[in-house]
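Trainee: The following block contains the structure, expressed as structure tokens.
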Amino acid sequence: KLLSLVDVCLIRAGHYRVLADPGNGAASEVLPELLKQAGCQVIKYNCEMDKPPGREPEPRAKSLQTTAKMTVKHDCDLGLGLDMDADRVLFIDETGAVLSEDLVGAILGKAEIKKPKDILVTPFNSSGIFKAVIEKAGGKVAECRVGPPEITAMIKKTKAVFGYEESGKYFFAREFIWADGLLASLKMLEVMAKIEKSLSEIRQSYPKYYQVKLAFDCPWEKMPRRWVGKGEKLIVEDSWLFIRASGTEPLIRIFSDSPSQKRAEELAQKGKKMVEELCIG
């Protein structure tokens, strides 16, 4: 089924060498097999379901450093790091760079735009790179609250073609409205094959955005209502500051995003000051 959703012939023509790291999780057998059927030469890493994950179960740039080194060591075109149930995936290029989830969202989302004003969904705290790339490509961005249920609801409401969140979950809504790391892996290979560029070349062709993420303890009784639920977003030209209370623990999270690293840091400090005044002062 998944192979029918991409141009397999195009992927096979690329003769890609892929490192598959499903973290000894649910995709330990299916991911390598799927890649082989797509014509890829597969290097298996952490593909034994009867063993512990072999790394942190959550795929993040920090937890995939060994996976990135293995990708380079085995001269792979692409490295894949999935979580235990394979609904999340991070991508590693041939130089060992782990691509940010927001950049991947922009790359995969752009490829899903088939006609002007196709709608793509993402939470309020996603990087500005997504909106910049999608709108330049002729798409339209619909923002929603943080979390997969909210993304799914907005996809249904707007009849969107794609959605993502910065945890590495990508929703290809023309096919189904849940995140699938296996399909996302195939879609990235398809993008590489279509434009005939390496993943590092694709990465370097996109604008650079910087994010700062902070978290502060805040007792429930002092939690400002304005930051509960949807949270508060302050947009300053091409940059933004987003403050939101955690839904599960007494924490307030601060996100800032900008094409300028200095501006991102300044906005984060502004958010920190706001939190300290209301929760600590």
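Trainee: What angle do you read, to the nearest 10 degrees and between 0 and 90, between the alpha-carbon axis of helix 181-195 and the longest principal axis of the chain?
Mentor: Once rounded, one gets 70 degrees.
Trainee: Follow-up. Add +1 for every Lys or Arg and -1 for every Asp or Glu among the other residues with Cβ under 15 Å from the Cβ of LYS73, and state the total.
Mentor: Values: positive: ARG17, LYS44, LYS69; negative: ASP21, ASP75, ASP77, ASP93, GLU94.
My count for the surroundings of LYS73 gives -2.
Trainee: If each DSSP helix of 4+ residues adds -39,500 (n - 2.57) and the sum is divided by the residues in the chain, what number results at 222 nm, nearest 500 deg cm²/dmol?
Mentor: Working: 9 runs with 90 residues, N = 281.
Calculated mean residue ellipticity at 222 nm is -9500 deg cm²/dmol.
Trainee: Of LYS157/LYS230; LYS197/LYS233; LYS51/LYS213; LYS117/LYS233; LYS73/LYS197; LYS140/LYS187, which pairs sit farther than 26 Å apart, going by alpha carbon to alpha carbon? Write down the numbers at each step before the final one.
Mentor: Values: LYS157/LYS230 17 Å; LYS197/LYS233 36 Å; LYS51/LYS213 33 Å; LYS117/LYS233 24 Å; LYS73/LYS197 20 Å; LYS140/LYS187 20 Å.
Going by Cα-Cα distance, LYS197/LYS233; LYS51/LYS213 fall outside the 26 Å limit.
Trainee: Follow-up. Give me the number: length gained by fully extending SER260 to ASP217, i.e. 0.36 nm times residue separation minus the C-alpha to C-alpha distance, one decimal in nm.
Mentor: Details: separation 43, 0.36 × 43 = 15.48 nm, distance 2.76 nm.
Gain on extension, SER260 to ASP217, equals 12.7 nm.
Trainee: What is the dipole size for the chain, taken about its Cα centre, with +1 at each Lys and Arg Cβ and -1 at each Asp and Glu Cβ, in debye to the nearest 20? Let's see the in-between values first.
Mentor: Numbers: 43 positive and 40 negative charges, 160 e Å.
Approximately 760 debye in magnitude.
Trainee: Report, by chain and number, residues whose modeled amide H sits under 5 Å from the one on ILE43, excluding near sequence neighbours (fewer than 5 apart, same chain).
Mentor: VAL18, LEU19, ALA20
Trainee: Give, rounded to the nearest 20 debye, the magnitude of the charge dipole that region 134-281 has about its Cα centre when Lys and Arg contribute +1 at Cβ and Asp and Glu contribute -1 at Cβ. Write down the numbers at each step before the final one.
Mentor: On the way: 26 positive and 21 negative charges, 67 e Å.
Dipole of region 134-281, to the nearest 20 debye: 320 debye.
Trainee: Give me the number: length gained by fully extending LYS157 to LYS115, i.e. 0.36 nm times residue separation minus the C-alpha to C-alpha distance, one decimal in nm. Walk me through the numbers before you get to the answer.
Mentor: Numbers: separation 42, 0.36 × 42 = 15.12 nm, distance 1.87 nm.
Between LYS157 and LYS115, full extension yields an extra 13.3 nm.
Trainee: To the nearest 0.05, how large is the calculated FRET efficiency for LYS208 and LYS273 if R₀ is 30 Å and r is the Cβ-Cβ distance?
Mentor: Values: r = 26 Å, r/R0 = 0.88.
The formula returns an efficiency of 0.70 here.
Trainee: What full-extension length gain, to one decimal in nm, is calculated for LYS136 and CYS9 as 0.36 nm per residue of separation minus the Cα-Cα distance?
Mentor: Extending this stretch completely gives an extra 42.8 nm.
Trainee: Related question: Ordered by residue, what ³J(HN,Hα) values in Hz, to whole numbers, does region 218-230 give under the Karplus form 6.51 cos²θ - 1.76 cosθ + 1.60, where θ = phi - 60° and Gly and Pro are x?
Mentor: 8, x, 3, 5, 9, 5, x, 4, 5, 9, 8, x, 5
Trainee: Taking K and R as +1 and D and E as -1, what net charge do the other residues with C-beta under 14 Å from the C-beta of LYS197 add up to?
Mentor: -3
Trainee: Shifting gears a bit: To the nearest 0.05, what FRET efficiency results for ASP50 and ILE195 with a Förster distance of 51 Å applied to their C-beta separation? Walk me through the numbers before you get to the answer.
Mentor: Details: r = 39 Å, r/R0 = 0.77.
My answer for the efficiency is 0.85.
Trainee: If you restrict to DSSP beta bridges whose two residues both lie in region 102-172, what percentage is antiparallel, to the nearest 5? Mind dumping the intermediate values first?
Mentor: On the way: 4 of 11 bridges.
Bridges in region 102-172 are about 35 percent antiparallel.
Trainee: Okay, moving on. Which cysteines does the chain leave without a neighbouring Cys Cβ under 4.7 Å?
Mentor: Within the chain, the cysteines lacking a partner Cβ under 4.7 Å are CYS9, CYS40, CYS47, CYS76, CYS144.
Trainee: Write down the percent of antiparallel bridges among all DSSP beta bridges whose residues are both part of the chain, to the nearest 5. Write down the numbers at each step before the final one.
Mentor: On the way: 29 of 44 bridges.
The antiparallel fraction comes to roughly 65 percent.
Trainee: Scale the Cα Rg of region 210-280 by the rule-of-thumb value 2.2 N^0.38 Å and send over the ratio, two decimals.
Mentor: Working: Rg = 11.7 Å, N = 71, 2.2 N^0.38 = 11.1 Å.
Taking N as the residue count of region 210-280, the ratio is 1.05.
Trainee: Compare the peptides 93-106, 144-157 by average per-residue count of other Cβ atoms within 10 angstrom and give them in order, highest first.
Mentor: On the way: 93-106: 21.8, 144-157: 17.6.
Peptide ranking by packing, descending: 93-106, 144-157.
Trainee: So what are the ³J(HN,Hα) numbers for region 73-90, from phi and the Karplus equation (6.51, -1.76, 1.60; θ = phi - 60°), rounded to whole Hz, Gly and Pro as x?
Mentor: For region 73-90, the Karplus curve yields 4, 8, 6, 8, 7, 7, x, 10, x, 9, 8, 5, 9, 6, 8, 10, 8, 10 Hz.
Laboratory data are not the source of any read-out in this text; all were calculated from the coordinates shown. In this text the structure is predicted, and so the values were computed from the model without any measurement. With ideal geometry, Cβ positions are generated from the backbone for all residues, glycine too; neighbour counts draw on all protein chains shown.
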